[in-house]
Amino acid sequence: MPRYLSPPTTQPAARVGVLLVNLGSPSAPTPSAVRRFLAEMLSDPRMIELPRALWLPILHGVILRIRPRRSARLYQKIWMSEGSPLIVHAQRLAQGLQNALADMEGGAAVAIGMCYGAPAVAAGLQALRDRGIERLIVLPLYPQYAGVTTASVFDSVSAELTRWRVVPEIRFINDYHDAPDYIAALKASVLEHWQHYGRSEQLLMSFHSMPKKLFEKGDPYYLRCQATARLLAQALNLTDEEWSFSFQSRFGYQEWLQPYTADVVRDRAQHGMRKLTVICPGFSLDCLESLEEIAMTARESFLEHGGESFDYVPALNDRTDHVGVLARLVRTAR
């Protein structure tokens, strides 16, 4: 009788696998690497909801000829010695979560995967499969659900699992925009920041924007962002004059969710505000949009238009309380 043996593994088996997913990053701050990254990201129908016959000629004939060089210069401004900030912070967060789940019955394995660029979602799933997982928990690192981000994670995971002979039991965490411990972690980060840098006249909560037409089609993202902002303001006991929220990172010429962060920052300075603090609650990990667009460019704009002090509250990244938020989500989902 033949004997069928399990394939060898270099790591112990884990009953539960956790895949942390985010947008992704270029592999290097160079025009060629940025071009590859943008080509993959902007080819996703979830990202750009236009007919392919119309959009792809614009993408390859115009955007990918112009944008990569400019974006590469921006990435160079925030690149870390270890690599892309988003990837570095994701790896540290994954290690923190792995440690936090060390006592989970049957064992747990944590991997990261990016919708675009490396490490890809497929690579993260393969790493978990190599650990022999029986149950898969997919956790998009987007606190506020949006079709363009969270649903894209679902698409990427589903596409890879169609190739698997044995598909594990799956849990998909859509959203945690109003989770009490997530709000508490944001609150703690703001208070710690103000303790170190001093309190400002207003806290501006800036979220990544999206085309307004997607909201009109029923995407709940705007309402999720609004809820997070109000809950954080309430947790900090802020008056209506002490906080506001806005949307950043607009792309193209169509109308996006407003008010635009760049306009709000300029307006606050022009109307006499001296000190402004900005936090980006929709970014679980610091990246180009938070580090360059907010901490650098928005700061320069505020100071140029009359403001005196501008400070940015870093993303939760691998803070202990952020790890705790994710660990609770995983334990609840399992």
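Quick notes on this structure:
- Residue in the stretch 274-281 that is part of a helix (DSSP H, G or I), of a type outside the set (D, E) and crowded, with 19+ Cβ neighbours inside 10 Å present: no
- Here R230, R224 are screened, and the one residue that is touching a His at 6+ places or on another chain (Cβ under 8 Å) and either on the phi < 0 side of the Ramachandran plot or of a type in the set (D, E) (or both) is R224.
- Selected residue [closer than 29 Å to V265 by Cα and assigned to a helix (DSSP H, G or I)] from V190, V157: V190
- When residues of the stretch 202-236 are limited to those that are charged (D, E, K, R) and within 15 Å of C280 (Cα to Cα), the one surrounded by the fewest Cβ atoms within 10 Å (Cβ to Cβ): R230
- All positions within the stretch 123-149 that are open to solvent by less than 40 Å² (accessible area, probe 1.4 Å) and outside any loop (DSSP other than H, G, I, E, B): G124, L125, L128, R135, L136, I137, V138, L139, P140
- So T297, is it polar (S, T, N, Q), under 18 Å from A94 (Cα atoms), in a helix (DSSP H, G or I) and more than 15 Å from the chain's Cα centre (by Cα): no
- The stretch 174-187: number of residues that are assigned to a loop (DSSP other than H, G, I, E, B) and crowded, with 19+ Cβ neighbours inside 10 Å: 2
- Just so you know, in the stretch 209-222 the residues that are in a helix (DSSP H, G or I) and among the basic types (K, R) include one that is nearest to the chain's Cα centre (by Cα), and it is K212.
- Considering residues of the stretch 250-268 that are open to solvent by less than 60 Å² (accessible area, probe 1.4 Å) and at pLDDT below 95 only, the residue farthest from V148 (Cα to Cα): G252
- Filtered residue count, the stretch 35-53, keeping only those that are acidic (D, E) and in contact with a helix residue (DSSP H, G or I) (Cβ under 9 Å, 6 or more places away or on another chain): 2
- The stretch 297-307, residues that are touching a Phe, Trp or Tyr at 6+ places or on another chain (Cβ under 9 Å) and surrounded by fewer than 22 Cβ atoms within 10 Å (Cβ to Cβ): R299, E300, S301, L303
- Condition met for S152 (polar (S, T, N, Q), open to solvent by less than 30 Å² (accessible area, probe 1.4 Å) and either at pLDDT below 95 or not in a loop (DSSP other than H, G, I, E, B) (or both)): yes
- Condition met for D240 (open to solvent by 20 Å² or more (accessible area, probe 1.4 Å), free of Cβ contacts under 8 Å to residues at least 24 places away in the same chain and either more than 18 Å from A295 (Cα to Cα) or of a type in the set (A, V, I, L, M, F, W, C) (or both)): yes
- Breaking point among (1) in contact with a Leu (Cβ under 9 Å, 6 or more places away or on another chain); (2) polar (S, T, N, Q); (3) surrounded by fewer than 18 Cβ atoms within 10 Å (Cβ to Cβ), for S25: (3)
- Qualifying residue in the stretch 95-108 (condition: touching a Pro at 6+ places or on another chain (Cβ under 9 Å), surrounded by fewer than 22 Cβ atoms within 10 Å (Cβ to Cβ) and more than 20 Å from L288 (Cβ to Cβ)): yes
- Qualifying residue in the stretch 57-69 (condition: closer than 30 Å to Y145 by Cβ, under 20 Å from the mean Cα position of the chain (by Cα) and either open to solvent by 40 Å² or more (accessible area, probe 1.4 Å) or touching a residue at least 24 places away in the same chain (Cβ under 8 Å) (or both)): no
- Looking across the stretch 223-243, the residues that are over 16 Å from A184 (Cα atoms) and more than 21 Å from the chain's Cα centre (by Cα) come down to T239, D240, E241, E242, W243.
- Annotation note: of A227, A298, the sole residue that is touching a residue at least 12 places away in the same chain (Cβ under 8 Å), aliphatic (A, V, I, L, M) and more than 28 Å from R70 (Cα to Cα) is A227.
The values are calculated or read from the model by the stated rules, or taken from the named source; none is laboratory data. A quick note: this is a predicted structure, and the numbers were derived from the prediction, not measured. Positions of Cβ are backbone-derived with ideal geometry, glycine not excepted, and every protein chain shown enters the neighbour counts. Only protein heavy atoms, including side chains, enter the accessible area calculation; ligands, DNA and RNA are left aside. Shrake-Rupley method; radii C 1.70, N 1.55, O 1.52, S 1.80 Å.
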